[in-house]
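The values are calculated or read from the model by the stated rules, or taken from the named source; none is laboratory data. It should be emphasised that the depicted structure is a prediction, and the values quoted were computed from it without experimental measurement. Glycine gets a Cβ as well: all are built from the backbone with ideal geometry, and neighbour counts include every protein chain shown.
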Amino acid sequence: MSWKIIADSSSELKSIENLAPDASYQRVPLTIQVEDRIFVDDENLDIDEMMEVMYASSKPASSACPSTEAYLQSYQGADKIFVVTITGTLSGSFNAARVAADMYKEEHPEAQIHLIDSKSAGGEVDLLVLELNRLIAQGLSFEEVATAITAYQEKTKLLFVLAKVDNLVKNGRLSKVLGTVIGLLNIRLVGQASDEGTLEMLQKARGHKKSVSTAYEEFLKAGYKGGKVVIGHRNNEKFVEQFSDLIHSQFPAAEIVVLPTSGLCSFYAEEGGLLIGYEI
Ligand code: X90
């Protein structure tokens, strides 16, 4: 009986520390295309190079979700499988995982697969992956893990801070109107993953300093009480430090995990972007 945790590359986690007994972890990559180059978002991707090539190009770049075959491949050899994907509202990743799950179960009727549409990306996906590992390590049954992760998802949220939204707008994931405001006059978009799994704007903040205090204000407003936080950031140590200090000044025991954004999240969140998952 082997467990497998699978996440697409909206997760920053390339591996899991202290993996539960009899469990393995695999990340299924999305791809990013800039002109005729295809960047596969796996552990070999040079994200800095991808970003350079993307900013040097005058043509709009795009992304593609994993294929059904890629998911099917990832399920092989396991019979208790949990899959976490980027929001199915903005990507075909969840659907590909579901089609693959139906195919896998036809071949392996004994296999159990639980699919989780994160309705989110980045740090919130990471929280779900880490929690799955924690639950499996407790020795729960498949059904118990599934019930517990569903309840956990109700208590996690994603806050994002974006200084550039060009790739989101060019790929039809954010309205053009918002796009023209962000990036101008040093304006940053502070928003959250909506319940439907789309980008929901909360506030526009002018300048770095204001973006930190605005993000924290929204954190508290959403009900943050000192739970675990995963900060995915694209080259924004300054924000991470100041934001972490704010959290710790009020909640000294809060656990904060800091990770560089994945290739896919770097592409969409762009330079300086942050995808902060947190427990409420
Ligand atoms: O299938 C594909 O090609 C992937 C498309 C993904 C599009 C959205 C990516 C968003 C990445 C941006 C800020 C936070 C988003 C919140 C999600 C609801 C990160």
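A few notes on this one:
- The range 33-61, subset in contact with a Gly (Cβ under 7 Å, 6 or more places away or on another chain) and not acidic (Asp, Glu), residue farthest from Ile6 (Cα to Cα): Met50
- Filter result (in contact with a Gly (Cβ under 8 Å, 6 or more places away or on another chain) and either in contact (Cβ under 8 Å) with a residue 60 or more places away in the chain or not assigned by the TED database to the domain that holds Leu128 (or both)) within the range 64-110: Thr87, Gly88, Thr89, Leu90
- Residue match in the range 44-61 (condition: within 13 Å of the ligand (Cβ to nearest atom) and under 21 Å from the mean Cα position of the chain (by Cα)): yes
- Any pair with Cβ under 6 angstrom, 6 or more apart, that starts in the range 136-149 at a residue that is more than 13 Å from Val83 (Cβ to Cβ) and ends at one that is assigned to a loop (DSSP other than H, G, I, E, B): Ile136/Ala20; Ala137/Ala20
- Where a residue in the range 259-275 is of a type outside the set (Lys, Arg) and at pLDDT 95 or above and its partner, wherever it lies, is near the ligand (Cβ under 9 Å from one of its atoms) and assigned to a helix (DSSP H, G or I), with Cβ under 7 Å and at least six apart: Thr261/Ala269; Phe267/Asn167; Tyr268/Asn167; Tyr268/Leu168; Glu270/Asn167; Leu275/Cys265; Leu275/Ala269
- Boolean, Val229 is of a type in the set (Val, Ile, Thr) and under 21 Å from Glu43 (Cα atoms): no
- Residue under evaluation Arg234, criteria (1) among the basic types (Lys, Arg); (2) more than 27 Å from Lys170 (Cα to Cα); (3) touching a Pro at 6+ places or on another chain (Cβ under 9 Å), criterion not met: (2)
- None of Leu178, Leu174 is outside the structural domain of Val125 (by the TED database), within 27 Å of Asp48 (Cα to Cα) and either in contact with an Asp or Glu (Cβ under 6 Å, 6 or more places away or on another chain) or not in a helix (DSSP H, G or I) (or both) except Leu174.
- Criterion applied to Leu189, Leu168 was being outside the structural domain of Met51 (by the TED database), part of a helix (DSSP H, G or I), surrounded by 22 or more Cβ atoms within 10 Å (Cβ to Cβ) and within 12 Å of the ligand (Cβ to nearest atom), and the one residue passing it is Leu168.
- For Asn95: the one exception among (1) within 16 Å of the ligand (Cβ to nearest atom); (2) more than 17 Å from the chain's Cα centre (by Cα): (2)
- Helices (runs of 4 or more DSSP H) contained in the range 207-280 and holding at least 1 residues within 12 Å of the ligand (Cβ to nearest atom) and surrounded by 16 or more Cβ atoms within 10 Å (Cβ to Cβ): 263-269
- Single residue of the range 70-89 satisfying the filter (surrounded by fewer than 24 Cβ atoms within 10 Å (Cβ to Cβ) and within 16 Å of the ligand (Cβ to nearest atom)) that is nearest to Asn171 (Cα to Cα): Thr89
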